[in-house]
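Please treat every number below as a calculation from the coordinates, not as lab data. For clarity, every value in this text was computed on a predicted model and none was experimentally measured. Cβ atoms come from the backbone with ideal geometry, glycine included; neighbour counts cover every protein chain shown.
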Amino acid sequence: MITLEVNGKPHAVDADPATPLLYVLTDHLQLHGAKYGCGLGQCGACTVLVDGEPVFSCITPISVLQNRRITTLEGLGTSDNPGPVQRAFIAEQAAQCGFCIPGMIVRAQALLSRNPAPTPEEIRAHMSPNLCRCGTHMRIVRAVERAARELKAAK
Amino acid sequence: MNRRQFLATGGALVVSFSLRAQPKLPGSLAREPLLDSWIRIGADGGITVFTGKAELGQGIKTALIQVAAEELAVEPARIELVTADTARTPDEGYTAGSQSMSESGTAILNAAAEVRAKLVELAAKRFALPPERLSVANGAIRAGDGRSASYGELVTGELLHVKAQPPAARGNPRERAVIGKSLARVDIPAKLTGAPIYVQDLRLPGMVHARTVRPPSHAARLAALRTAAVEKMPGVLKIVRDGSYLAVVAEREYQAVSAMRALAAAARWNKQQENLHSDLQRLPSQLSVLVESEAAAPAWSAEATYRRPYQMHGSIGPSCAVGLYRDGNLTVWTHSQGVYPLRNALAEMLGLPKKRVRCIHMEGSGCYGHNAADDAGADAALAARALPGRPVRVHLMREDEHAWEPYGSAMLTRARARLEGGKIADWHYELWSGSHSSRPGPAGNLAPAWLLEKPFARPPAQQIPQPTGGGDRNAIPLYRFASTRVVHHFLTAMPLRVSALRSLGAYMNVFSIESFMDELAQAARADPVEFRLRHLDDPRAREVIRTAAERFGWAGYRKQRGRGRGFAFARYKNLAAYCAIACEVEVERTSGQVRMLRASAAIDSGEAVNPDGIRNQVEGGILQSLSWTLHEAVSFDASRITSRDWASYPILRFPDVPERIDVEVISRPGAPFLGTGEAAQGPAAAALANAIADATGARLREIPFTAPRVRQALGA
C-alpha cells in the first residue's frame, strides 16, 4: 500500500510502486482529468501538479510521490463550480475535441501561480511541452491571458 | 389510402412507388424519412432529437441543437440530443467530409419545421381557429384569447411516426432566435473539468483492461510465442491469440500494460520481404480524365511538380473502445466516425448477425478522419468475445496508433499552363494519389482482421467519385480558363495503409493549384489577389477573396525584411464552404525556420448556425494545416514505420503558433448549410507557400517545409 495525497485527500493505493501515477488516477481513483496521450512525456495530456509544479503523470511512478501534494484537473474545480482557469477556458471556448485541454489547464495553473501576469511569449514558452492536434492554440493562449486578468481583478 | 394505412401496409411495392412519386427529401431525410427517427416529444413535453452524426470535437452537437431549437421554438437547453448509436439513431453513414450540417442539420431543420407545423395544425383544430391566428413560443401554442396547449399535450402516439413530407414552411431566416448566435458549446464544461465523457474514460462495473501486441511491421506474422511466464503475471486473466492476432487482458490497466510488454518480448515474428519505398508514378494505376476541353497542344508558359508525403491523423489520445459480449450479443462503445459501418464490419469479422451487434458512439480524442478508432473497436470485440460477460476496455499504445493508423496518401501533382494577355488560356493538371477511403464496412478494412487465423483480405482500393472526389477532391479548379484538362492517376496498390485524412486530396490539390496560381500571377506580373479575381465569376468566391484580403490589409501591405505575404482560396469540394486565407510569414534565412506571424480568413458556409463554432474550425484548420505543411511526414524504412511517437513525428508546438488569426464569417440567412470543417486545410498550406515565396523568392513545392529543406531552397 502506498498513500498518495490527491486534491487534498489521502488515498491508500494497492498498486505496484513502479506504476505510473496516471494509471492510479484513472484506474484506481476514477479521476479522468489527466489523459493518456503518449506514455512518454512528449505530449502533456497527462499533466498534473506535484507540489505545484507541472509533472507528466504518465512517466512518474507512484513510489516517488509519497508525502507530496498531487493536484489534478478535478482539484481545480467542478462542472458546476469551475475554477478560475477553467472559467477562462470556457469563456474563450478554448476547446475542440478537448482531449488535451485538461493538461493545458493544469500547466497554465502552474504558470499563473508563480507569474500572475505572463506575456503571450511567456505563455507560449511555458505551454510548449503540451501538444494540441485540433489547432486550438490561439484560444488556449487567450484563455490563459484571460485567467491572468481575472485572477488579478479578483484580488 | 390514408397515411396510417400506408404505414400499416409498409409493402415494398407501395414504398418504392411512393419514393418514385415524391421529390428527393432534403439532407439525410432521404435516407431516414420517418419524422420520429429524428424528433420525439414526450407527454411531459420533453424533446429528444436524434442524429446519426457524432461529436468529434467539431461542435456538431451544439449546432444541431440550435437548428432544432430554432424550428421548434424552444430554448436550446430543453433539447436532449442523442448521437450515433445503432440501436437508437438514424443511419447517417460516416461523420465525415464536412457533411454533418448539410446532411443531418438539413434533415433536422426540415423535420423540426414539419413537426411544428403538425402541432400548430392540431392546436388549430382544438381551438377551432385558423393556424395563422396562433403563435408558437417556448414549446407551446397560444391563441389570441389566452388559450394555450403545450407540445406534450398535443402530441399523440402516431403523430410523428410518418414519412416527412416537404416542403414544410420553415421559420423566417430574418427572424432567427437561435440560429446565427454563437451559443456556447454544450460539451465544453464537462471536458474542462474531468467528467468521464470520452470513451477513454468509460468505466463499467466489472470492467477489465486489454492491450494488443501488434506485429513489428504490417506484413510480419507470428512465428512463435511463449506465454507461460506472462500468464503468471499479476492480474493477467487471458491471453487472446488468433493466428497472428495477439492481446492480453488483465484486471488492472497497468497490469495489462506490463503483461503486453512481456508478451511482446515473448513473441517471435516472421518478417516478410517488403519494400515500402516507392516512386508514385511507377505504381499500378487507373487513369481517369476528369475534364477535357478541346485545345491544341500549347507551348507552356510555366510548369511545376508538387509533392506531399504520407501524413498521419496523430490524435492526441490513442484510440480506445470498450466491448461487452453477453448472451451472444456484442456491444461496442467506440469513437468510430461510422457506428453503422463499424457494426457491419464487426458482425462480418465475428460471423454474427448484424442485429446481435450494437455500436454506441462516445467521444474520443479528435480524429480528423479515419484513424485507428475502428481498429480499436475490432480489438475490443475480439477481446470481449474471449471473455464473455465482462466489459473489456482496449486502449492502444502511442506506438500502435502512430504505426498502424491509415495515413493520408502521399501524392504528386503536375501543373502546366499557358498565359495569354495576362490570363490563363490553357490549364493542364495531373495528379497521382492512392485511395482516401478504406473505411469499414468490410471487415477487411480492420487491421486486427488481417491478423486472424482466418484472415480477412483487404478489399480493392476504392475511389470516391466526383463531384466530391477522393484524391481528386478539388482537382478541378473553380477558375475559368479557355481550355482545361484534369487527369487523375488513381494508384490502386499503395505500399502503406492509407485512408481518409481531413480534406482528403483537397489539401494537396488546393496547395498545388493555389501555389501554381501564384507562380502564374508572378509570370503575368499581376497581383495574386487580382489575378485570382480575373479568373472567377462566382460572386460568393469573389466576396470571400475580397473580404480576406481586406481584413489582412492586402492593399496597403508594406513588406519588411525577411517577411512576406501569401494568399489562397478554394471552395471545398467545389460545392461546400468558400474559404480564402491571407497570411504573413517570417523566414530566418540562416536556419531555414519559417514562422507564420498572422493570418486573416474569410469563410462563407451558407447560413451560419454557430459563427464562433465556424471560426473555431477555421482557426483549427489553419493551425493543423500549418503543422502538416511545415513539419509532418511519416518516416519508414524498407519494412516498417519508424514514426512511432512525437519525437519521430514532430508536430506544431506553441512557440510556432502565429500571433493572431482572425476569421470573418459571411452568413447567408436562409441559404443551405455548406460544410466547413475541412475548408481551411488546402488554402492554409498554399497561402503559407506563397508567403514564403514572397519573403524569399524561393518556391517550395514539396511538403513539409522543414528547416533543412527551406535552407536548401534558399541555397544557404
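Values as computed for the structure displayed
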| quantity | calculated |
| --- | --- |
| 17 Å Cα-Cα reach of A:Lys155 towards lysines, excluding residues that sit fewer than 8 places from it in its own chain | none |
| Farthest positive-ward along the stretch A:2-75 dipole, Cα basis, beta-carbon charges - from A:Tyr23, A:Ile62, A:Val6 | A:Val6 |
| Inter-label distance for B:Glu158 and B:Asp145, nm, one decimal - labels placed 7 Å from Cα along Cα-to-Cβ | 3.1 nm |
| Test item: B:252-259 mean partner chain Cβ contacts at 10 Å | 5 |
| Footprinting exposure proxy for B:Leu154, B:Leu342, B:Leu496 (fewest neighbouring C-beta atoms within 10 Å first) | B:Leu496, B:Leu154, B:Leu342 |
| Gyration tensor (alpha-carbon) shape descriptor, the stretch B:3-189, a/c threshold 1.5 | oblate |
| Relative contact order [Cα under 8 Å, 6+ residues apart], chain B, whole percent | 13 percent |
| Exposure proxy order (Cβ contacts within 10 Å, fewest to most) of A:Cys134, B:Cys579 | A:Cys134, B:Cys579 |
| Longest segment of chain B lacking trypsin sites (Lys or Arg not before Pro) that sit in a DSSP loop with at most 10 other Cβ atoms within 10 Å | B:233-524 |
| Distance (nanometres) between label positions extended 7 Å along Cα→Cβ at B:Ala457 and A:Val64 | 5.3 nm |
| Amide H partners (placed H, <5 Å) of B:Val291, local residues excluded | B:Val486 |
| Flagged links, alpha-carbon separation over 30 Å, of B:Lys271/B:Lys454; A:Lys35/B:Lys271; B:Lys61/B:Lys355; B:Lys181/B:Lys573 | A:Lys35/B:Lys271 |
| For the protein assembly as shown, convex hull of alpha carbons as volume per residue, Å³ | 189 Å³ |
| Within chain B, longest stretch clear of exposed GluC sites (Glu not before Pro) (DSSP loop, no more than 16 other Cβ within 10 Å) | B:454-658 |
| Length added when fully stretched, B:Ala302-B:Ser648, from 0.36 nm per residue minus Cα-Cα | 120.9 nm |
| Prolate/oblate/rounded label for chain B (Cα gyration tensor, a/c 1.5) | oblate |
| Least to most buried among B:Met260, B:Met508, B:Met233 (fewest other Cβ within 10 Å first) | B:Met233, B:Met260, B:Met508 |
| FRET efficiency estimate (nearest 0.05) - Cβ-Cβ, B:Ala87 to B:Glu251, R0 45 angstrom | 0.95 |
| Pairwise label distance in nanometres, B:Lys181 with B:Asp527, each label 7 Å out on the Cα-Cβ vector | 4.0 nm |
| Selected from B:Val82, B:Thr95, B:Asn172, residue furthest toward positive end of dipole (the stretch B:3-189; charges at beta carbon) | B:Asn172 |
| Given charges at Cβ of Lys, Arg, Asp, Glu: the stretch B:3-189 dipole, positive-most of B:Ala68, B:Ser135, B:Gly42 | B:Ser135 |
| Number of partner chain Cβ atoms within 10 Å, mean per residue of A:12-18 | 2 |
| Between the stretch B:536-569 and the stretch B:620-646, the alpha-carbon center distance in angstrom | 29 Å |
| Whole-Å distance, taken between Cα centres, linking the stretch B:97-153 and the stretch B:234-290 | 54 Å |
| Cβ charges +1 (Lys, Arg) and -1 (Asp, Glu), total dipole of chain B, debye | 740 debye |
| Qualifying aspartates and glutamates (Cα of each under 20 Å from Cα of A:Lys152; at least 8 residues distant if same chain) | A:Glu92, A:Glu121, A:Glu122 |
| Student exercise, chain A dipole from Lys, Arg, Asp, Glu Cβ charges, in Debye to nearest 20 | 540 debye |
| Calculated FRET efficiency for the pair B:Lys232/B:Gln560, C-beta based, R₀ 45 Å, to 0.05 | 0.10 |
| Computed over chain A, Cα set: Rg, Dmax in Å | 15.1, 45 |
| For the stretch A:2-75: rounded, prolate or oblate by the Cα gyration tensor [a/c cutoff 1.5] | rounded |
| Kirkwood Rh, Cα atoms: Rg over Rh of the stretch B:122-164 | 0.99 |
| Compactness of the stretch A:84-154 - radius of gyration and Dmax, Cα, Å | 10.8, 33 |
| Within 10 Å of each Cβ in B:180-190, the average number of Cβ atoms from other chains | 3 |
